[in-house]
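Note sheet for the following structure.
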Amino acid sequence: MDSLSQPFRGMNEERELHKADLRSLSFEELSEELALMGEKPFRAKQVFSWLHEKQAADFSEMTDLSKALREKLAGRFALTALEPADVLVSKLDGTRKYLFRLADGNVIESVWMEYRHGNSVCISTQAGCRMGCRFCASTLDGLARNLSPGEMLEQVYRMGRLMGKRVSNVVLMGSGEPLDNYDNVVRFIRLVTDGRGLGLSARSITLSTCGLPEEIRCLAGEGLPVTLALSLHAPNDEKRRELMPVARKYSLEEVLCACDYYFEQTGRRISFEYSLVGGVNDTREEAEALAALLGRRNCHVNLIPVNPVRERNYVRSGRQAILDFKNVLEKYEINATIRREMGRDISGACGQLRRGYLETRP
Ligand code: SAH
């Protein structure tokens with residue numbers, strides 16, 4: 001919008017922010033909206049394709065719609081478009097960390113990673129987070145707000161377009177707790193797996209959670225077989241409570257019970273994440289206790305050497321401690337991998353690019 005021809009720019013921007021986001025609507029909702037506007041049923045397919053297949057950034061790109069319809073749509077709806085504010089590119093493996101600015105000025109981080117088996121994007125589900133995990137930078141300033149389904153989709157679409165490459169996997173492991181923004185996240189998963197749009201398979205999506213049992217059970221009933229990753233980080237409640245405030249609310253037993261239910265309902269093997277913090281949760285005894293806790297579950301353990309956060313004094317475990325920890329798990333026939341570090345040279349912990357940006361603002 002041209003600012004010179006818009007003397008009441010502030011007011012217009014306000015209005016723009018309050019419009020419903022067209023990209024967040026399901027196909028059925030979009031069809032209803034168009035029907036209410038007096039449009040023929042086939043229009044829904046056309047508009048959906050512009051939004052999710054061709055990924056239009058502006059209504060003016062939707063050239064096979066009449067100008068009148070485009071104007072009507074623009075008058076009633078907003079189209080989420082993220083603005084890249086910064087990017088860090090790894091010289092080692094091409095990993096890219098993007099800082100995107102949202103329409104209301106909030107910023108979020110998203111990461112692009114290239115593997116042999118395809119391209120993976122790690123997206124944020126909230127601006128900030130209110131879960132308070134001690135070693136995580138995303139939570140240091142608390143929660144700013146939930147992201148809309150359209151804002152999650154745009155991270156995926158935008159990075160794919162910027163790279164000119166296909167996205168094959170999505171991981172919900174950026175800032176935010178996905179299950180604390182449940183409805184929008186489920187909507188996002190339905191949209192990104194819709195065959196009329198990007199059409200990813202639910203199996204190529206991983207949702208990582210700090211462990212909210214009620215929401216895990218709900219998710220099991222959505223008919224969306226995404227991979228569930230549970231952030232464990234400790235083998236007992238006492239240690240877990242030190243690292244993750246959410247563990248004061250839910251015991252490991254409750255959380256694991258919900259995970260077992262998820263596995264029963266979806267047939268998807270659970271992935272347990274365990275960030276190794278030097279001298280805090282990385283001894284052989286703790287590995288033994290973890291093995292006992294997981295027992296004979298059909299699962300996978302992902303060991304993540306902790307990324308030190310400036311504001312906290314946690315350090316990563318030594319190489320040998322990490323290997324020992326993995327060996328103990330394997331002794332008990334638990335499938336374990338050490339997370340391959342992508343973009344080691346730009347690997348400020350999650351949320352630190354955003355924090356750096358926020359700190360430079362008044
Ligand atoms: N809220 C979700 C997603 C968080 S990010 C969750 O709790 O799972 C994904 C993973 O990275 C989580 O397991 C999280 O605990 C972990 N993580 C966050 N900060 C980290 C850090 N500085 N070093 C290592 N792992 C970290």
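Please work out how much length the chain gains when fully extended from ALA57 to ARG344, using 0.36 nm per residue of separation minus the C-alpha to C-alpha distance, in nm with one decimal. Before the final figure, lay out each step's value.
Working: separation 287, 0.36 × 287 = 103.32 nm, distance 3.21 nm.
Fully extending the segment from ALA57 to ARG344 adds 100.1 nm.
Charges only on Cβ, +1 for Lys and Arg, -1 for Asp and Glu: so what's the dipole of the chain about the Cα centre, in debye to the nearest 20? Intermediate values should be presented prior to the final figure.
On the way: 51 positive and 50 negative charges, 161 e Å.
The dipole of the chain has a size of about 780 debye.
Mind giving me the nanometre distance, one decimal, between the label points for ARG101 and ASP183, set 7 Å out from Cα along Cα→Cβ?
A separation of 3.0 nm, rounded to one decimal place.
Please label the shape of the chain as rounded, prolate or oblate, based on the square roots a ≥ b ≥ c of the eigenvalues of the alpha-carbon gyration tensor (a/c under 1.5 means rounded; beyond that, a/b larger than b/c means prolate, else oblate).
Prolate is the answer for the chain, as a/c is 1.5 or above and a/b outweighs b/c.
For the range 270-362, taking Cα atoms only, what is the radius of gyration to one decimal and the Dmax to the nearest whole Å?
15.4, 53
Would any residue of the range 111-149 have its amide N under 19 Å from a label point 7 Å out along Cα→Cβ of LYS165? List them or say none.
Correct set: 111-124.
Taking a threshold of 25 Å on the Cα-Cα distance, which of the pairs LYS40/LYS72; LYS97/LYS331; LYS40/LYS67; LYS72/LYS97; LYS19/LYS40 fall above it? Don't skip to the end; give the middle numbers.
Details: LYS40/LYS72 15 Å; LYS97/LYS331 36 Å; LYS40/LYS67 16 Å; LYS72/LYS97 36 Å; LYS19/LYS40 23 Å.
Those over the limit are LYS97/LYS331; LYS72/LYS97.
Ignoring everything except DSSP H segments at least 4 long, calculate the 222 nm mean residue ellipticity for the chain; use -39,500 (n - 2.57) per segment, divide by total residues, nearest 500.
Details: 12 runs with 129 residues, N = 362.
Rounded to the nearest 500, it is -10500 deg cm²/dmol.
For the range 223-274, what's the radius of gyration and Dmax over Cα atoms, in angstrom?
Radius of gyration, then largest Cα-Cα span, for the range 223-274: 11.7, 35 Å.
Hey, for a label at LYS45 modelled as a point 7 Å past Cα toward Cβ, could you say which residues of the range 192-227 have their backbone N under 14 Å away?
195-197
More than 22 Å apart: what percent of Cα pairs in the range 97-212 qualify?
On the way: 1841 of 6670 pairs.
That tail contains 28 percent of the Cα-Cα pairs.
So who's got an amide H within less than 5 Å of the one on ASN335, skipping anything under 5 residues away but keeping other chains? H placed 1.01 Å off N, in plane.
Result for ASN335 returns CYS299, VAL301.
Sort HIS233, HIS18 so that the residue with the fewest other Cβ atoms within 10 Å of its own Cβ comes first and the one with the most comes last. Walk me through the numbers on the way to the answer.
Numbers: HIS233 27, HIS18 8.
Arranged by neighbour count, lowest to highest, HIS233, HIS18 become HIS18, HIS233.
Report the label-to-label distance for GLU32 and LYS331 in nanometres (one decimal), using points 7 Å from each Cα along the Cα→Cβ vector.
Roughly 5.8 nm, to one decimal.
May I ask you to list the lysines whose Cα is less than 25 Å away from that of LYS326, ignoring any residue fewer than eight positions away on the same chain?
The qualifying lysines are LYS239.
When the chain is fully extended, how far beyond the present Cα-Cα distance does ARG76 get from LEU92, taking 0.36 nm per residue of separation? Please list the in-between numbers first.
Working: separation 16, 0.36 × 16 = 5.76 nm, distance 4.54 nm.
Result: 1.2 nm gained on full extension.
No lab work stands behind these numbers, since they all come straight from the coordinates. Quick caveat, the model's predicted, so the values are computed rather than measured. Neighbour counts run over all protein chains shown; Cβ positions are idealised from the backbone, glycine included.
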